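Where a number appears in this text, it was derived from the coordinates with a stated rule and is not lab data. In this text the structure is predicted, and so the values were computed from the model without any measurement. When we count neighbours, we look across all protein chains shown, and the Cβ atoms used for this are built from the backbone with ideal geometry, even at glycine.
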Amino acid sequence: MSHQDQNLPPPAYRQESQRIRRDERDIHPPGPSGSDVLRIIAAIILPPLGVYLQVGLTAQFWVNVVLTILGYVPGIIHAVWIIARR
């Protein structure tokens, strides 16, 4: 046996650790789904529609309606924020 072989863990342990490292590479943070992209597009065109598709007829929807009436850009910002945080 050479000096290097004495420092290596048993073969079964090496295979297990290699499998764990490979599995760790497969873990990705969730990205936006296709439906999120459609909601964001809807939110840019008509902000309350994007919020409605995300949360339904809740207080957030009505807040977005008021923001859109007061100014189109605040409605878009609020809608994209609602969609992105969920």
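If each residue's Cβ is checked for other Cβ atoms within 10 Å, how do Leu57, Leu49, Leu38 rank with the fewest at the top?
Lowest to highest Cβ neighbour count: Leu57, Leu38, Leu49.
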Item to check | For region 34-85, alpha-carbon Rg relative to the globular expectation (2.2 N^0.38 Å, N residues) | outcome: 0.94
